Each structure stands twice: as C-alpha cells, then as structure tokens.
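Input: a single structure, listed below in structure tokens.
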Amino acid sequence: MVIRDAVESDLAVIVAIYNSTVSTRIVTADFEPVTVESRLAWFASHRPNDRPLWVIEIDGAIAGWLGFQSFYGRPAYKGTVELSLYVSPDFRRRGIGRSLLEKAIETSPALQITTLLGFIFASNQPSLKLFEQYGFEQWGYLPRVAKFETGEQDLVIVGRRVNVED
C-alpha cells in the first residue's frame, strides 16, 4: 500500500472512483457522473505543500483518494480544510479510508492545518463511523438540505482540531 501525491494521469481513475458513488445518493450531491475535463480546475487547485490530493495504490491499482480543499476561501480560514475521501468499490472494507484519514491527520501539522472538516450525509453511516473513530465530532447538522429524486438528505458537518496545544 502506497500513498502518494496524485498526478494528472491519475485523474481518470479519481473521477471513476468518484462517479461510482453518484448513483447511491448517500455520498455526493451530484446527480450525474462528472467528466475528467470538468475536474481539471479542481485537480489544479490541489498543491502538495498545502492542499494535497493523494491516491492510495495497492499492487499498482489506485484504490482510493483523499483531497484537502480550502474552506470558505477567506484568509482567516487558511488553517481549515474540508477533506474528501473516496474508495474504489473494488477496495472497500479493506482499510483504505483508514489509511488515508490517518495520513491526513498525521500530515496536517506540516501543512499548517489546524482544523479538519468532513461534510457527510447523515445516511452515510460507514463514513460517519470512520471519521468518529478518528476523533471527529459532529459540529453541525443541516436537515434536508440535499434534494434527490429518492428524497431529501441531511448533511452532517464533522470536525476535528489538529496541530494545536489544548
């Protein structure tokens, strides 16, 4: 298992992993799969030294990815990031999410990040449990903010402070 910075040639697999979750209606708020072209600017917004995008490989195959996204785009929030974590259907329940989340927590001090956030649908219990196992707490709850043809979804905001003296 190797976690490394993503390169542009990984983008097609990153997009495919993301798109594998669209139809579930419990992981992402997109209605339709996204294209590689539509994610180029998003990919370019990730920088290894402060907002990395990582892939995790097993035997040369990309099994999942984790991205750090700036929160709210204002200077006072520079130390706060939203984490996006996706695992390939072929590699779920094999510790991929754990490995990526552990590395994010461990690496945050070097990136000068003090606050990690996750935005997770309330029905996505596996993700909520994963983040809870790593010390994330519920910091917000937005009822029925996402509307799908299958019904409405509540959004849970989870957070964890890192790199700070308590």
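The values are calculated or read from the model by the stated rules, or taken from the named source; none is laboratory data. These figures come from a predicted structure and were not determined experimentally. FYI the Cβ positions are ideal-geometry reconstructions off the backbone, even for glycines, and counts take in every protein chain you see.
Being over 24 Å from residue 62 (Cα atoms) and touching a Ser or Thr at 6+ places or on another chain (Cβ under 6 Å) is not true of residue 145.
For segment 24-44, the set of residues classified as surrounded by 14 or more Cβ atoms within 10 Å (Cβ to Cβ) and either aromatic (Phe, Trp, Tyr) or under 23 Å from residue 145 (Cα atoms) (or both) consists of 25, 26, 27, 28, 29, 33, 34, 42, 43, listed by residue number. Is segment 134-142 home to any residue that is in contact (Cβ under 8 Å) with a residue 24 or more places away in the chain, among the small types (Gly, Ala, Ser) and on the phi > 0 side of the Ramachandran plot? Checking segment 134-142: at least one residue is in contact (Cβ under 8 Å) with a residue 24 or more places away in the chain, among the small types (Gly, Ala, Ser) and on the phi > 0 side of the Ramachandran plot. When segment 1-11 is filtered for residues that are part of a helix (DSSP H, G or I) and either polar (S, T, N, Q) or surrounded by 13 or more Cβ atoms within 10 Å (Cβ to Cβ) (or both), the ones remaining, listed by number, are 9, 10, 11. If I filter segment 146-164 down to residues being closer than 19 Å to residue 83 by Cβ and either exposed (fewer than 12 other Cβ atoms within 10 Å of the Cβ) or aliphatic (A, V, I, L, M) (or both), which single residue comes out as modelled with the lowest pLDDT? Selected residue: 164. Residues in segment 81-107 that are of a type outside the set (D, E, K, R) and farther than 14 Å from residue 58 by Cβ: 81, 83, 84, 85, 86, 101, 104, 105, 107.
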